[in-house]
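Please read the structure below before turning to the comments.
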Amino acid sequence: ATDSWAQAVDEQEAAAESVSLNLHDKAAQSLLNKLIRNNLVNNTNQVEVLQKDPNSPLYSVKSFEELRLKPQLLQGVYGMGFNRPSKIQETALPMMLAGPPQNLIAQSQSGTGKTAAFVLAMLSHVDPDNKYPQCLCVSPTYELALQTGKVIEQMGKHYPEVKLVYAIRGNKLPRGMKLQEQIVIGTPGTMLDWCSKFKFIDPKKIKVFVLDEADVMIATQGHQDQSIRIQRMLPQTCQMLLFSATFEETVWNFAQRIVPSPNIIKLKREEETLDTIKQYYVLCNSREEKFQALCNVYGAITIAQAMIFCHTRKTAGWLAGELSREGHQVALLSGEMQVEQREKVLVTTNVCARGIDVEQVSVVINFDLPVDKDGNPDNETYLHRIGRTGRFGKRGLAINMVDGKMSMNILNRIQEHFSKKIERLDTDDLDEIE
Ligand code: ADP
């Protein structure tokens, strides 16, 4: 009886969670993307370029040297371990760094090097001798602004004359003050106040305006208007740059209001496929058996990183506890949780399946199989979860935990849907897997 009660609570929570996946989560997921990732996303698609002036030659660079960066910046770039420009950077950087300044709208999935690109553009364009703001960068949330700030600090490590300040709620400055920092990064509301109401910034002196995460930005009430009001205070000569991971109609409309006569760069998302992924299932009878099987998997193979999906936050919480008791490093992600660390093991509930690109994950484990609200297999979510493990031709591994007739039935239907065999794995004898 306790079990069915627990299950009822689980189901209630699952329902509540899918409802609580509100707009704010877009920003949270975007933050998670950044926190989890530590290298570039590989993308084999072609970059599409639409130039403002189609007759002007299109430059692209294969090395950072070709960009003729200031030596301090080149040192910063190499210091971060970048050897060559990413795909999107190859075309975006020459456009952003060339004179006269060109406007740009760029869209590519997270992890493709957009932030690094515009940070480099801002650092290249500031004049450190001028002690006033010259670059504004707006981000949807405080946390996202902070992440960008960290990149500015890393890349500008050898260029200490350039200073940075955060225009975020809570950063209260004395009235009448004039900022001396060359780069201001913050959220639209505070940035607007600092430009107009408090006049800490003279918007007429701004040379580069960056709007990051446009798709997340427009999901928050008011941000769109505030951004447009900031943009209107800037001089005609100011370079306008807008970045987005996705490009729906609404983002596009907003982008065109922010960036006059833009160049446009797009990089299609890498398609997800199950082709390079080895899929297994494990037969169990209970949650505890599933946990034991999971431990066996950990004991048998060297897992760089695993992403474990559970149906509810409650199961995820329980599993995270059990795993850390076993000595694993666990980070629990779900719709409303804050994640500060990059960890080896991620236990996540359903909400993460769509929003997060975890490129370095090597194993994906479905502790619970994905089902929709009617209890039918959720094939799309299955693909999203599993499809992230086998990219860049690396061998991916997916393990599904089955705990009864019902979930076996779900598994069979998923197998049929993708016409790809999911093999039985005996977790007491794991030699076959590596
Ligand atoms: P985005 O803004 O599109 O999400 P980022 O600029 O944050 O992408 O880059 C994603 C990751 O790749 C970061 O960890 C960043 O340090 C790294 N990175 C960016 N550009 C390069 C590059 N040219 N070479 C190697 N790593 C890079």
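For region 151-198, taking the residues that are surrounded by 14 or more Cβ atoms within 10 Å (Cβ to Cβ) and of a type in the set (Lys, Arg), the one that is farthest from the chain's Cα centre (by Cα) is identified as Lys163. The residues in region 119-147 that are in contact (Cβ under 8 Å) with a residue 24 or more places away in the chain, within 16 Å of the ligand (Cβ to nearest atom) and within 16 Å of the chain's Cα centre (by Cα) can be counted, and the count is 7.
For region 194-216, a tally of residues being hydrophobic (A, V, I, L, M, F, W, C), at pLDDT 95 or above and within 16 Å of the ligand (Cβ to nearest atom) returns 3. Mind checking whether some residue in region 159-178 is of a type in the set (Phe, Trp, Tyr), away from the ligand (no atom under 14 Å from the Cβ) and within 30 Å of Val61 (Cβ to Cβ)? Looking for residues that are of a type in the set (Phe, Trp, Tyr), away from the ligand (no atom under 14 Å from the Cβ) and within 30 Å of Val61 (Cβ to Cβ), one finds at least one in region 159-178, hence yes. A count restricted to region 172-188 and to residues that are part of a loop (DSSP other than H, G, I, E, B), of a type in the set (A, V, I, L, M, F, W, C) and in contact (Cβ under 8 Å) with a residue 24 or more places away in the chain stands at 2. Considering region 243-272, and only residues there that are under 16 Å from the mean Cα position of the chain (by Cα) and assigned to a loop (DSSP other than H, G, I, E, B), the residue that is nearest to Ser108 (Cα to Cα) turns out to be Ala245. Filtering Lys87, Lys70 for residues that are among the charged types (D, E, K, R) and either within 13 Å of the ligand (Cβ to nearest atom) or free of Cβ contacts under 8 Å to residues at least 12 places away in the same chain (or both) leaves a single hit, Lys87. I need the full set of residues from region 81-118 which are in a loop (DSSP other than H, G, I, E, B), within 24 Å of the chain's Cα centre (by Cα) and farther than 19 Å from Ala145 by Cβ, in order please. Of everything in region 81-118, those that are in a loop (DSSP other than H, G, I, E, B), within 24 Å of the chain's Cα centre (by Cα) and farther than 19 Å from Ala145 by Cβ turn out to be Gly81, Phe82, Asn83, Arg84, Pro85, Ser86, Asn103, Ser108, Gln109, Thr112. Since Ser227 meets every condition but one in (1) within 16 Å of the ligand (Cβ to nearest atom); (2) buried (at least 19 other Cβ atoms within 10 Å of the Cβ); (3) among the hydroxyl-bearing types (Ser, Thr, Tyr), which condition does it not meet? For Ser227, the failing item is (1).
State whether one or more residues within region 322-340 are in a loop (DSSP other than H, G, I, E, B), modelled with pLDDT of 65 or more and under 16 Å from Gly387 (Cα atoms). Checked against the condition, which is being in a loop (DSSP other than H, G, I, E, B), modelled with pLDDT of 65 or more and under 16 Å from Gly387 (Cα atoms), region 322-340 yields no hits at all.
Scanning region 276-310 for residues that are within 28 Å of Lys34 (Cβ to Cβ) and either modelled with pLDDT of 85 or more or among the basic types (Lys, Arg) (or both) yields Leu294, Ile308, Phe309, Cys310.
The values are calculated or read from the model by the stated rules, or taken from the named source; none is laboratory data. Computed from a predicted structure; not experimentally measured. Heads up, the Cβs are rebuilt from the backbone with ideal geometry, glycines too, and the neighbour counts pull from every protein chain shown.
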